[in-house]
Protein chains: 4
Amino acid sequence: MAAQKRIGILTSGGDCAGLNAAIRAVVHHAIGTYGWEVIGIQEATHGLMHRPPKSTRLDIEGIDQLLLQGGTILGTTNKGNPFAFPMAGGTFQDRSAEIIAGYHELKLDALVGIGGDGSLAILRRIANQGNLNLVAIPKTIDNDVGATELSIGFDTATNIATEALDRLHFTAASHSRVMVLEVMGRDAGHIALSAGIAGGADIILIPEIPYNLDNVAEKIRQRQAQGKKFCLVMVSEAVRTELGDQVTQISQQGEDRYGGIGKYIAEQIATRTGAESRVTVLGHIQRGGIPSPADRLLGTVFGVAAVNLIAEEKYDHMVAWKNREVVSVPIAEAIKTYRNVDLHGTLIKTARGMGICLGDDY
Amino acid sequence: MAAQKRIGILTSGGDCAGLNAAIRAVVHHAIGTYGWEVIGIQEATHGLMHRPPKSTRLDIEGIDQLLLQGGTILGTTNKGNPFAFPMAGGTFQDRSAEIIAGYHELKLDALVGIGGDGSLAILRRIANQGNLNLVAIPKTIDNDVGATELSIGFDTATNIATEALDRLHFTAASHSRVMVLEVMGRDAGHIALSAGIAGGADIILIPEIPYNLDNVAEKIRQRQAQGKKFCLVMVSEAVRTELGDQVTQISQQGEDRYGGIGKYIAEQIATRTGAESRVTVLGHIQRGGIPSPADRLLGTVFGVAAVNLIAEEKYDHMVAWKNREVVSVPIAEAIKTYRNVDLHGTLIKTARGMGICLGDDY
Amino acid sequence: MAAQKRIGILTSGGDCAGLNAAIRAVVHHAIGTYGWEVIGIQEATHGLMHRPPKSTRLDIEGIDQLLLQGGTILGTTNKGNPFAFPMAGGTFQDRSAEIIAGYHELKLDALVGIGGDGSLAILRRIANQGNLNLVAIPKTIDNDVGATELSIGFDTATNIATEALDRLHFTAASHSRVMVLEVMGRDAGHIALSAGIAGGADIILIPEIPYNLDNVAEKIRQRQAQGKKFCLVMVSEAVRTELGDQVTQISQQGEDRYGGIGKYIAEQIATRTGAESRVTVLGHIQRGGIPSPADRLLGTVFGVAAVNLIAEEKYDHMVAWKNREVVSVPIAEAIKTYRNVDLHGTLIKTARGMGICLGDDY
Amino acid sequence: MAAQKRIGILTSGGDCAGLNAAIRAVVHHAIGTYGWEVIGIQEATHGLMHRPPKSTRLDIEGIDQLLLQGGTILGTTNKGNPFAFPMAGGTFQDRSAEIIAGYHELKLDALVGIGGDGSLAILRRIANQGNLNLVAIPKTIDNDVGATELSIGFDTATNIATEALDRLHFTAASHSRVMVLEVMGRDAGHIALSAGIAGGADIILIPEIPYNLDNVAEKIRQRQAQGKKFCLVMVSEAVRTELGDQVTQISQQGEDRYGGIGKYIAEQIATRTGAESRVTVLGHIQRGGIPSPADRLLGTVFGVAAVNLIAEEKYDHMVAWKNREVVSVPIAEAIKTYRNVDLHGTLIKTARGMGICLGDDY
């Protein structure tokens, strides 16, 4: 039996489905198996800046209904990078010391940090600076954390994007329209590619493959020539033209960026092909939602494994999913290896095999 | 047994879930019970303008999988009012005679027209002019056809809007945000009101009640004062301010109108309350979707009843749902009685009882 | 503003989806609008027999997540009729006085009882005996409470039964099998009939229409003759043969009865037609489930209306749904008018119009 | 470009979700990319025994709606092993030569066989005997084909089992009952284990771990002692007691086996703990269902890859999923390595970490 511990847990970055399953598993395993204490920290590192830290003791009683609940009961924020935190008056301040102090004020022996690659990089820098005992759990609907095959939230987001495409399929076919669906994916096109194939898209545009509107228009004309009057186009929010300039108006402020590119492409299609086109921006609906069984399973697996890392005092590591087993990797390695869509990988080959246009000259 | 007949069927106006159930029922009952012929007319009245008319013979074999299929297998268009049809060169032409000719060219004894109040008014005018035998089935996600408690498509659209609100609920709570969801409802707020109550919205704005942003902001501040950091706002696409001017930029071109009002309200909320706000426009996703059991049941009931009206040669009537039974009403009456949300009805009282802000000074 | 009150609420009989929406609405409206106190009574009348009564004070904070939660947070039991309650030693005892004493011990001014016709009859008898102020909300997946078009739980149960039929449809078609689905419906066949039509059943057997296996077998042979190799059969748990004897082995112990009839019919079909047949008993899955938007809306409407009845001191009444509005009816009248499937009603006519075999000689 | 070919495709063994996605992908890639012909063979090898073979030419037009359709449009049967096929009169006959003749009669250059390990072993034996060009795609809801991380159908079946557990959770909690859910898994407990963890089961019994009812009863008593009045028990259909005798009454006739073990365990629990218990047998509902996005994606990936194997004339191989990429393995190897639940693997450790009772003395 591992020594008695008092551990903290926080969720950082954008919310997604399956976070609560991970929180539930950490609480269950830490308390039920090891008899430790678990402190839930609210609003990510922001909760540790606060005096006293915003936190609540978690127990097994309170977590029974969590599996079906999307988002995170701990809350999260994106108020800014703690090393350059925006203050009143437009200045920026390094507030990492306050976070470290919060960790000590809560008398934590270790911290479970759940986040994407950006959040985990920041958490690791803070932990290194303060000698905090950190273990990490990867979450991101974009599934772009390279050291793990799967991150929490990707499966549910892909399901929601596929279902949206299914719905647009019916109305596109009824009205003989080109339907453009814009989904999340700031740097990687995993959601667009997976959901696009699963939902039968005719055209899929992802950030990894600069698109040429001539190819897009040509695909639509080909379908028209075959008597197929409608077309489904899946677009990642951050796709780029072949010319290399980024069409998307990505705002500096993070998530305000949803808008723009899908509309632009729908209009260009209408202009170039004469087809009636419409755009739908899926937006925040992708984050929420009742977690899929796969995300609940992954969250539970990761939560138990993270507690085991703490029991072994194997800090500075992240849990990861590989070949249907959980493993651990140094956080340093995990945040170094960003995963884009592999342009020579199975899904790209599958898309091309299905005759899906990826926007390039292939 | 009714006399042998050859009947046509068309779907007009925007597509929705449950149309195929109605088509399936018409085919099953007309052929299986009466031994008639059924001709599916493509692309609404536009298919009848064409020479030869765009049509296909429907049989029972081909309709087995239709219950689960959204949209309409017959297709639909909104290319314009047949009495003032937009022609090349920017002119308009009365093409009703071509539609009447198409009906006769197909040697139809009767026509089942499925549409909303606008489409049914046009169909009736054509039928009257040409002495065509028309029976009607009401469909509209807005549920604003007054002569029937329910129209095909409303239940599924409300389910989708509620599910979207459920998803936003999770992410709103995680990020302490105000989430604005803009749903369809050009003149009536039934979707927003039903889905808003079912999904636990804090604020619901509908076209029937001009809103005042001061009331909206006050509700959000009240919640903030109670420690509730997030807020769910459901908005019909065509809401109006108290001042009477319509903020929505409703385009002349039909469905391009989706955009604008939800974003405007989200921005105003942020400005007035300091809350972080986001908007999601549900758009065309509301139309598509696998039909709900209730829409499949209603479509089947209406399809059987419409065939029975033809068997009785009770033309110029629309099937309607009243008190859990199907009835028939003169189309003339049906298109006269538009149904808005009843401001003294149960749902408004329920919303107020739940403390939901409706944007007025109540 | 109504006088200050302290009201109790309990859920009685089998659980279903939407009960928590009603509880949430009662709490919201009673506390938020009127400033009353709400006491949740656990395990139906059994909680009032206990000393002290099993109860908990409900407040608005605790009910935020209730809309998506199936079942009832108050719990329910079917330990027996309080007027003849089974005691140790196999005797029965009238324990109604204890329930009345529990009501007074909790210092209640009124009680909201949520139940089906059986539960409401018992609650009313207790209320009359003790001069308690009772208002009632109807719930039953069977939808057999006559005074209301809809009761809480029916829509979700019908959705689940339809979805099960959809799933069996695919596997039936793949394997050329007859698939029998047995659903709940102790006295009324509403679930089987609605879900059967919505899900495309070929044969629907309900308690209201004694079935003859010759007709069932004939329908299957007809389909075989038309080259249709599979068949979907929907069966209510309590169907009867034409001979009048009840084949179902309904146990004395309440819900143990699920089993028997579906299997019997599947075997008889195999014997008589040579078809490969399988049975699925849907069972308790029908009760649970995330409440449908319609059940959440109905639960909310009923909860608000029940509180209004108390504010008006209009006791001994039940809220009911009629023609898309909430009304109230004397409980005495509500429990008197049981609603079976109307043999001359729309759904039966629709089923016959679709060529669905109902087991009779029609 | 590969040489012109005429390929056959058949689905063998029990149906599942995602088969049609694989068929659609084979058709799309073979015709759209390579310009081949594709012949759909009906009812598995049985269709090839028939004279003429039961088959239909497949083209791209006919497969548009297949992604959402469960089961297999080609049909399947389990009429018996072709090498010992049950004939009239109770005798058995080797009919493999007829199948080989059918392949030649259809002038096939290659055959895509979709099946589980049993079906694939038989197909390979036939292919070897007749020098047929076979490539294989693994499907099985049990996910027990060892050479691939995932087989078609597992994800959807797990989703359905998890959803059933979610539904039982609500009603179990409302009634303070022990709910036993019996799911498929003839030899491997993957569905029960994955769905049990994802759905929050308290007890999971799988074929790989012989159970002891004393441990099961003890777990329930522990929960009762902690005031937890309900319990969720997930049971694979083929679990065994510690004593080694198989309690399940597995019938010789294949799928009639669903029944028995869940009921037995529910009764034993009631007897040993005094708890009120109920059983639900999920049955055929697990096979059907609208395919999950993951099964649609996997089916599409496998279909494209199988066609590529034929283009490379890499016969006698099966496509497989490994580390998020598609690979190929010799069929001989694939059918040799059966995959049970790894008793030292991640999911078992996760279950134990969550305090889930697995029926053993651990």
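Just a few scattered comments:
- Breaking point among (1) at pLDDT 95 or above; (2) at positive phi, for A:A164: (2)
- Residue list for the stretch B:216-235, filter: surrounded by fewer than 17 Cβ atoms within 10 Å (Cβ to Cβ) and either under 15 Å from B:I265 (Cα atoms) or not polar (S, T, N, Q) (or both): B:E218, B:R221, B:A225, B:G227, B:K228
- Selection status of A:V279, of a type in the set (A, V, I, L, M, F, W, C), outside the structural domain of A:I141 (by TED's automatic domain parsing) and in contact with a His (Cβ under 7 Å, 6 or more places away or on another chain): no
- Within the stretch A:284-329, restricting attention to residues that are in a helix (DSSP H, G or I) and either at pLDDT below 95 or of a type in the set (D, E) (or both), the residue that is surrounded by the most Cβ atoms within 10 Å (Cβ to Cβ) is A:D295.
- Filter result for the condition that a residue is buried (at least 16 other Cβ atoms within 10 Å of the Cβ) and of a type in the set (S, T, N, Q), over D:T346, D:T337: D:T346
- The test for being modelled with pLDDT of 90 or more, surrounded by fewer than 24 Cβ atoms within 10 Å (Cβ to Cβ), on the phi < 0 side of the Ramachandran plot and within 11 Å of chain B (Cβ to nearest Cβ) holds for A:A270.
- Unmet criterion (only one of (1) more than 21 Å from A:E312 (Cα to Cα); (2) modelled with pLDDT of 95 or more) for A:L134: (1)
- If only residues of the stretch A:166-201 that are of a type in the set (A, V, I, L, M, F, W, C), under 16 Å from B:R167 (Cβ atoms) and in a helix (DSSP H, G or I) are counted, the one that is farthest from the other protein chains (Cβ to nearest Cβ) is A:I191.
- The lone exception for A:M318 - which of (1) under 20 Å from the mean Cα position of the chain (by Cα); (2) more than 30 Å from A:V38 (Cβ to Cβ); (3) aliphatic (A, V, I, L, M) it fails: (2)
- Failed condition for D:E333, given (1) more than 8 Å from every other protein chain (Cβ to nearest Cβ); (2) within 30 Å of D:L108 (Cβ to Cβ); (3) part of a helix (DSSP H, G or I); (4) in contact with a helix residue (DSSP H, G or I) (Cβ under 9 Å, 6 or more places away or on another chain): (4)
- Selection within the stretch D:303-362 - on the phi > 0 side of the Ramachandran plot and of a type outside the set (D, E, K, R): D:N323, D:G355, D:G359
- One residue stands out in the stretch A:307-325 among those that are out of contact with any strand residue (DSSP E or B) (no Cβ under 6 Å at 6 or more places or on another chain) and of a type in the set (A, V, I, L, M): the one that is farthest from the other protein chains (Cβ to nearest Cβ), namely A:A311.
- Residue in the stretch B:354-362 that is exposed (fewer than 15 other Cβ atoms within 10 Å of the Cβ), among the charged types (D, E, K, R) and under 21 Å from the mean Cα position of the chain (by Cα) present: no
- Within the stretch D:286-302, residues that are within 14 Å of chain C (Cβ to nearest Cβ) reach partners that are among the basic types (K, R) with beta carbons closer than 6 Å, at six or more positions or on different chains, in the pairs D:G288/C:R167; D:G289/C:R167.
- The stretch D:128-165, residues that are within 14 Å of chain C (Cβ to nearest Cβ) and either among the small types (G, A, S) or outside any helix (DSSP H, G or I) (or both): D:K139, D:I141, D:I152, D:G153, D:A157, D:A161, D:A164
- Residue list for the stretch B:74-99, restricted to those being under 19 Å from B:G14 (Cα atoms) and in contact with a Leu (Cβ under 7 Å, 6 or more places away or on another chain): B:L74
- Test: C:K54 is under 23 Å from C:I335 (Cβ atoms), assigned by TED's automatic domain parsing to the domain that holds C:E313 and of a type in the set (K, R): no
The values are calculated or read from the model by the stated rules, or taken from the named source; none is laboratory data. No experiment lies behind these values; they were computed from the predicted model shown. Note that each Cβ is placed from the backbone with ideal geometry, even for glycine, and that neighbours are counted across all protein chains shown.
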